[in-house]
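Single-structure report; data block below.
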């Protein structure tokens, strides 16, 4: 137990002291009536805690998510009661489904006003319950230290997730005898399931007998910090490995065993061969419907091994033959001991053959289009990828640009992908990139956003300007909600209902925030513009006008088997 | 095929936990047949008894989701044969009906019910039993005039000898692998 000596403090000062004890140095938020005592206390701690005032509470929480994802620290975000707190809900839902550790502190009306429909009163505990790993309301100053220590422990341990603490205004004003103990365990909560060595042996036996094994890896590898263990496992076992959208950058794209992306707009080979493998080893992933397509046919021919930290994920979607519960950092290294060193040249060759087919049918035209046509999204991503040598942190929003970024950026650096995967939150990228840049200031952070998503949170340009945060922003502008338009084209008879966007002049808007900006419409000016964009030490905005009605392929239509993936 | 299950959940006694648990059902469009909650054999630990009708694979998944909640010590599901269960029902009958002949007395005797309290203008009858039995009494009394009826919802104890203490032991962090 790390226990500090007791001292008398105001509740709001105690909150700040707790945050400092938990190692917090950066927080994101937006003040308002019910959280004013806490902001007043923050004024005295400006040397210890850097508070970033965003332009909207949604911006604050997405920034905290971006910060948490790249720094491996808990993201912290503050908001006031009522609308301040409800504006956090999208971010909480996003962090919950993508397992991002957050501690959100919301102010609440004074405890004697609870339930009276007071000004800016909302049942925040009630509305946040379905989208938090844990939440608590505090009405007495004395409850603050224990609640905050539990909150940080819960947020970061086991399968991480967002936690919300709602603190009434009177609890912030009252005093308490403050002492802080870092939470080490909670009797009703077991963050790490025990690894059963028998399951490891059974998994190894299946793998050792396999003729066409395939690994599917997700964010669990990154969250579990299992970089070396994962690499050692696939290299010894010689198994081709494909990633979910949140798993990318757990191992560099160019690693010979990295066979690419799974899912609806993933690679042709990975989707096709999921239906041909004989043993499928899922590591830290949860079989999202965008990965599985039609569940009843997904890898139906294969024995399934699932390495997973969350027992509730086992058999949730895909029935497993061997479930290996536990932290994959430990389970992978044990499994590596038991698997035989093998290679599967003809099986790996199947991936290469299908990759070639995808290149011929899709990628070639995307990367080297007809010179008369508009710039493609893939050209822009490829250009940025080459210029940054695949070393940047890429923060993406949701839609076509997101799929294209994941398909064409050559991720090399560990944990360099920040995207809204599970929830698909448009407007995520700009604020998340702010957080990512503050979480990894030495890294190049590039937000890639569509024109639709950009306009959902573009007010955060004000945050970038105020704090001079050197994030780079690319808007791929097709004047459409492109992914929805693509579906309308393919599945709704080209009835483009409410997907065409009449956009403002983004250049003028960005200039209004005093951020350097450039617009590219012609292919011949793309490279030089990307050079200036990447080389700039300041924040910089790059808008590229891309083909209005370009589509993302390959594609697994909803409800189809992954083996029915379409190249056009 | 849907079957009736009894889910027993041991939890900490904290504000908001009931809605956290009920959300797990409502989110999956599952209706709860009955839910009861009170302190368990261990001080500070609460025990929920939840009755649902659903498919076995779905109840397994729901119980995992319940067990995953931070303040849940243990969630377990049982088929009806694996628990001893009971309900209490109360019936409110106007005195005029109660004393208008021998029928009510016969019904009370036949159903092994008892008179719980007598007031100037009404009588409360109590019956313990399975839902089917308390319903049968309800139907019998309905013919004569019933002004109030309430059922407690199921409470249940498992037939197995595992105790809450065993489950708490399971939760203790063990860092040794295997």
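The values are calculated or read from the model by the stated rules, or taken from the named source; none is laboratory data. Just so it is clear, the model here is predicted, and its values are computed rather than measured. Virtual Cβ from ideal backbone geometry, glycine too; neighbours counted across all protein chains shown.
Scanning the range B:130-158 for residues being farther than 12 Å from residue B:104 by Cα and touching a helix residue (DSSP H, G or I) at 6+ places or on another chain (Cβ under 8 Å) gives a total of 4.
With the range A:26-137 as the region, which helices (runs of 4 or more DSSP H) entirely inside it contain at least 1 residues that are away from every other protein chain (no Cβ under 14 Å)?
A:36-42, A:57-71, A:83-86, A:89-97
When B:104, B:177 are checked against the criterion of being modelled with pLDDT under 95, touching a helix residue (DSSP H, G or I) at 6+ places or on another chain (Cβ under 8 Å) and in a helix (DSSP H, G or I), B:104 stands alone in meeting it. Counting the residues of the range B:19-47 that are touching a residue at least 24 places away in the same chain (Cβ under 8 Å) and either part of a helix (DSSP H, G or I) or more than 25 Å from residue B:131 (Cβ to Cβ) (or both) gives 7. Does at least one position in the range A:147-154 carry a residue that is over 27 Å from the mean Cα position of the chain (by Cα), farther than 28 Å from residue A:418 by Cβ and touching a residue at least 12 places away in the same chain (Cβ under 8 Å)? Within the range A:147-154 (the criterion being over 27 Å from the mean Cα position of the chain (by Cα), farther than 28 Å from residue A:418 by Cβ and touching a residue at least 12 places away in the same chain (Cβ under 8 Å)), the answer is no, since none of the residues qualifies. Taking the criterion of being touching a strand residue (DSSP E or B) at 6+ places or on another chain (Cβ under 6 Å) and outside any loop (DSSP other than H, G, I, E, B), the residues of the range B:60-81 that qualify are B:63, B:66, B:67, B:72, B:73, B:74, B:75, B:76, B:77, B:78, B:80. Each residue in the range A:228-251 was checked for being part of a strand (DSSP E or B) and under 19 Å from residue A:98 (Cα atoms), and 2 of them qualify. Does at least one position in the range A:303-315 carry a residue that is over 30 Å from residue B:68 (Cα atoms), crowded, with 18+ Cβ neighbours inside 10 Å, within 23 Å of the chain's Cα centre (by Cα) and modelled with pLDDT of 95 or more? Checked the range A:303-315: no residue is over 30 Å from residue B:68 (Cα atoms), crowded, with 18+ Cβ neighbours inside 10 Å, within 23 Å of the chain's Cα centre (by Cα) and modelled with pLDDT of 95 or more.
Return the residues of the range B:5-18 that are at the interface with another protein chain (Cβ under 9 Å from one of its Cβ atoms) and in contact (Cβ under 8 Å) with a residue 24 or more places away in the chain; say none if nothing qualifies.
B:10, B:11, B:12, B:14
Once the range A:181-206 is narrowed to residues that are in a strand (DSSP E or B) and surrounded by 16 or more Cβ atoms within 10 Å (Cβ to Cβ), the residue that is farthest from the other protein chains (Cβ to nearest Cβ) is A:186. Checking each residue in the range A:352-386 for being surrounded by fewer than 16 Cβ atoms within 10 Å (Cβ to Cβ) and within 27 Å of the chain's Cα centre (by Cα) picks out A:367, A:386. So for the range A:144-152 (the condition being more than 18 Å from residue A:59 (Cα to Cα), in a loop (DSSP other than H, G, I, E, B) and within 13 Å of another protein chain (Cβ to nearest Cβ)), does at least one residue qualify? Within the range A:144-152 (the criterion being more than 18 Å from residue A:59 (Cα to Cα), in a loop (DSSP other than H, G, I, E, B) and within 13 Å of another protein chain (Cβ to nearest Cβ)), the answer is no, since none of the residues qualifies. Out of the range A:78-91, which residues are surrounded by 24 or more Cβ atoms within 10 Å (Cβ to Cβ) and under 25 Å from residue A:11 (Cα atoms)? Scanning the range A:78-91 gives A:78, A:79, A:80, A:81, A:84, A:85, A:88. Considering only the range A:53-70, I want to know if a residue exists there that is in contact with a strand residue (DSSP E or B) (Cβ under 7 Å, 6 or more places away or on another chain) and farther than 23 Å from residue A:418 by Cα. Among the residues of the range A:53-70, not one is in contact with a strand residue (DSSP E or B) (Cβ under 7 Å, 6 or more places away or on another chain) and farther than 23 Å from residue A:418 by Cα, which makes the answer no.
For the range A:478-490, state whether one or more residues are over 16 Å from residue A:403 (Cβ atoms) and not in a helix (DSSP H, G or I). Scanning the range A:478-490, I find at least one residue that is over 16 Å from residue A:403 (Cβ atoms) and not in a helix (DSSP H, G or I), so the answer is yes. Note on the range B:19-41: among residues that are away from chain A (no Cβ under 14 Å) and within 19 Å of residue B:168 (Cβ to Cβ), the one that is farthest from the chain's Cα centre (by Cα) is B:41.
Could you list, in sequence order, the residues of the range A:325-351 that are more than 14 Å from chain B (Cβ to nearest Cβ), touching a residue at least 24 places away in the same chain (Cβ under 8 Å) and either crowded, with 19+ Cβ neighbours inside 10 Å or over 20 Å from residue A:202 (Cβ atoms) (or both)? The answer is A:339, A:343, A:344, A:347, A:348, A:350, A:351.
Checked against (1) closer than 30 Å to residue B:19 by Cβ; (2) in a helix (DSSP H, G or I), residue B:128 passes all but condition (2). Of all the listed residues (B:167, B:122, B:144), the sole one being within 14 Å of chain A (Cβ to nearest Cβ) and either farther than 30 Å from residue B:83 by Cβ or under 22 Å from the mean Cα position of the chain (by Cα) (or both) is B:167. Taking the range A:307-324 as the range and being away from chain B (no Cβ under 11 Å), touching a helix residue (DSSP H, G or I) at 6+ places or on another chain (Cβ under 6 Å) and farther than 15 Å from residue A:229 by Cα as the test, the residues that pass are A:322, A:324. Of the set (1) in a loop (DSSP other than H, G, I, E, B); (2) surrounded by fewer than 24 Cβ atoms within 10 Å (Cβ to Cβ); (3) at negative phi; (4) touching a residue at least 60 places away in the same chain (Cβ under 8 Å), all apply to residue A:225 but (3).
Restricting A:236, A:209 to residues that are over 30 Å from residue A:112 (Cα atoms), away from chain B (no Cβ under 12 Å), surrounded by fewer than 18 Cβ atoms within 10 Å (Cβ to Cβ) and touching a helix residue (DSSP H, G or I) at 6+ places or on another chain (Cβ under 7 Å) narrows the list to A:236. Could you tell me whether residue B:112 is modelled with pLDDT of 95 or more, more than 13 Å from chain A (Cβ to nearest Cβ) and either surrounded by fewer than 19 Cβ atoms within 10 Å (Cβ to Cβ) or in a helix (DSSP H, G or I) (or both)? The answer is yes for residue B:112.
Please verify whether residue A:360 is under 30 Å from residue A:380 (Cβ atoms) and out of contact with any helix residue (DSSP H, G or I) (no Cβ under 6 Å at 6 or more places or on another chain), treating the condition exactly as stated. Quick ask: steps written out before the conclusion?
Working: under 30 Å from residue A:380 (Cβ atoms): yes; out of contact with any helix residue (DSSP H, G or I) (no Cβ under 6 Å at 6 or more places or on another chain): yes.
For residue A:360, the condition - under 30 Å from residue A:380 (Cβ atoms) and out of contact with any helix residue (DSSP H, G or I) (no Cβ under 6 Å at 6 or more places or on another chain) - is met.
Could you grab me the full set of residues in the range B:47-74 that are surrounded by 19 or more Cβ atoms within 10 Å (Cβ to Cβ) and away from chain A (no Cβ under 11 Å)? Once the filter is applied, which keeps residues that are surrounded by 19 or more Cβ atoms within 10 Å (Cβ to Cβ) and away from chain A (no Cβ under 11 Å), the range B:47-74 yields B:47, B:48, B:49, B:50, B:51, B:52, B:54, B:59.
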